[in-house]
Amino acid sequence: MKYLDEYRDAAAAEKLRKAIERVTTREWTLMEVCGGQTHSIVKFGIDELLPDKIELVHGPGCPVCVTPLELIDKAVMIASRDDTIFCSFGDMLRVPGSEKDLLMVKANGGDVRIVYSPLDAVTIARENPAKQVVFFAVGFETTAPANAMAVHQAKQFGVGNFSILVSHVLVPPAMEAVLSSPQNRVQGFLAAGHVCTVMGYTEYEPIAKRYKVPIVVTGFEPVDILQGVLMCVTQLEEGRCDVENQYSRSVRREGNLPAQDLLSKVFRIVPRKWRGVGEIPRSGLGLTREYEDFDAETRFAVAAYTAEEPAECISGLILQGIKKPYECPAFGTRCTPEHPFGATMVSNEGACAAYYQYRRHLVRQKVA
Amino acid sequence: MCLAVPGKLVSIDGSDTAFRTGRANFGGIVKQINLSYVPEAKLGDYILVHVGFALSVIEEEEAAKVFTYLEEMGELGELQEIPV
């Protein structure tokens, strides 16, 4: 496919690898923010291609992984009601709640449906006026415009039986949380290309300056990621800390303005709890007053519910780049994609699932 | 979750740019796409699509930059490898 295949070209990747080798003189630790990039890196073995001096640590950019336990429980409570059709992206169905996941609700007769787009959930609501239809609005800035449009259309067309369970998180506050942690090792970032397609990258400029870290907006294919690493390492070697844009075929500095316009109408910035990390101020989105009638937490009276995270899962440390999946005693033994302890083992983009799928030899080494 | 796929815009329905939809071809699979956020998109453009929404129009010139850079770098690399 055009704009995918050429960015998987082996000769181009090899040229970039050599260039990285040439510019690297010291040890550097970079974090790729987005779970999609983590998946590409582990799948294509990009981390193993890089010089030993460069370490890639995997960031918190998997919305499925950072959704807190209590929100999964709330989803399970709502989905278990007889009067409800609960719609979600497929990867949320197997994330474990305190007692069950959404797939178990479905197996027990609950009407849980996987949809491709939040607009499909609005259509289901129009076709089923006697039912309450709830969409699990999970995601980063990339997904927020789609979810905003679903709520906006529901309001416009008077689809009163539609609501959303909001679990929207924002990337820049998470990067700041990583950088301000006393255990932080990250010296440069590959920022998430699709998040920046929506938001642009002006909000990263003060972060780069304040924490003295280079930030390179990067795409998702091997050639993109290698070029992002090259640009980031070049900055580090030259002592610069600028925001640069590797993914310029899609990202403009100001981002997508029509999308930002609707986002600011439908959503407002709120504090959010991140699984394994805790609450981060101003790190998520909630509905504005104009759209608050569409908030499923209020409609089904689950807003006050809280739950404690399980102690054994170290996904919080993995999401902050402090530990690697194979350093967890449960990894690949008691915790597998079939029986996950935490969301990082469930989602395709979760670091634990990516290592389980492509780096099983690390488990074998650990056992031996 | 933030996966977005490039597809070629093969038809556009509606003229009001705020409510446009269209069909995009992803290597043989054609899907209905919401075009509200890409008022600039026209037939034949490649759009980047996430959960049924086009988020950007791919800029051909920008897309070629990495390969131009690699070509230039290739020449530079060969020069550096000449034994003294």
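The values are calculated or read from the model by the stated rules, or taken from the named source; none is laboratory data. This structure is a prediction, so every number in the text was calculated from the model and none was measured. Cβ placement follows ideal geometry from the backbone for every residue including glycine, while neighbour counts extend to all protein chains displayed.
The residue pairs whose first member lies in the stretch A:258-272 and is farther than 16 Å from residue A:172 by Cβ and in a helix (DSSP H, G or I), whose second member is aliphatic (A, V, I, L, M) and modelled with pLDDT under 95, and whose beta carbons are closer than 9 Å, counting only pairs six or more residues apart or on different chains, are A:258/B:18. If you go through the stretch A:111-165 and keep only what is more than 20 Å from residue B:31 (Cβ to Cβ), within 14 Å of chain B (Cβ to nearest Cβ) and surrounded by fewer than 22 Cβ atoms within 10 Å (Cβ to Cβ), you end up with A:152, A:156, A:157. When the stretch B:14-44 is limited to residues that are crowded, with 21+ Cβ neighbours inside 10 Å and within 13 Å of the chain's Cα centre (by Cα), the one that is nearest to the other protein chains (Cβ to nearest Cβ) turns out to be B:38. Among the residues of the stretch B:1-13, the one identified as assigned to a loop (DSSP other than H, G, I, E, B), buried (at least 24 other Cβ atoms within 10 Å of the Cβ) and out of contact with any His (no Cβ under 6 Å at 6 or more places or on another chain) is B:1.
Just to be sure before I move on: is residue B:49 at the interface with chain A (Cβ under 9 Å from one of its Cβ atoms), buried (at least 19 other Cβ atoms within 10 Å of the Cβ) and at pLDDT 95 or above in the structure I sent? Considered against the rule, which asks whether it is at the interface with chain A (Cβ under 9 Å from one of its Cβ atoms), buried (at least 19 other Cβ atoms within 10 Å of the Cβ) and at pLDDT 95 or above, residue B:49 comes out as no. Here residue A:251 fulfils each of the conditions (1) part of a loop (DSSP other than H, G, I, E, B); (2) of a type outside the set (D, E, K, R); (3) surrounded by fewer than 24 Cβ atoms within 10 Å (Cβ to Cβ); (4) within 12 Å of chain B (Cβ to nearest Cβ) apart from (3). Scanning the stretch A:85-105 for residues that are in contact with a strand residue (DSSP E or B) (Cβ under 6 Å, 6 or more places away or on another chain) and away from chain B (no Cβ under 14 Å) gives A:85, A:86, A:102, A:105. Within the stretch A:281-316, the residues that satisfy the criterion of being among the aliphatic types (A, V, I, L, M) and over 16 Å from residue A:68 (Cα atoms) are A:287, A:296, A:301.
In the stretch A:217-256, how many are of a type in the set (Val, Ile, Thr) and either touching a His at 6+ places or on another chain (Cβ under 8 Å) or not assigned by TED's automatic domain parsing to the domain that holds residue A:41 (or both)? Selection size over the stretch A:217-256: 0. Kindly check whether there is at least one residue in the stretch A:322-329 that is within 22 Å of residue A:173 (Cβ to Cβ), part of a strand (DSSP E or B) and out of contact with any Pro (no Cβ under 9 Å at 6 or more places or on another chain). Scanning the stretch A:322-329 turns up no residue that is within 22 Å of residue A:173 (Cβ to Cβ), part of a strand (DSSP E or B) and out of contact with any Pro (no Cβ under 9 Å at 6 or more places or on another chain). If the condition is being buried (at least 24 other Cβ atoms within 10 Å of the Cβ), among the aliphatic types (A, V, I, L, M) and within 14 Å of chain B (Cβ to nearest Cβ), then the stretch A:18-76 contributes A:33, A:64, A:66.
The residues of the stretch A:81-103 that are surrounded by fewer than 18 Cβ atoms within 10 Å (Cβ to Cβ) and either part of a helix (DSSP H, G or I) or at pLDDT below 95 (or both), listed by number, are A:90, A:98, A:99, A:100, A:103.
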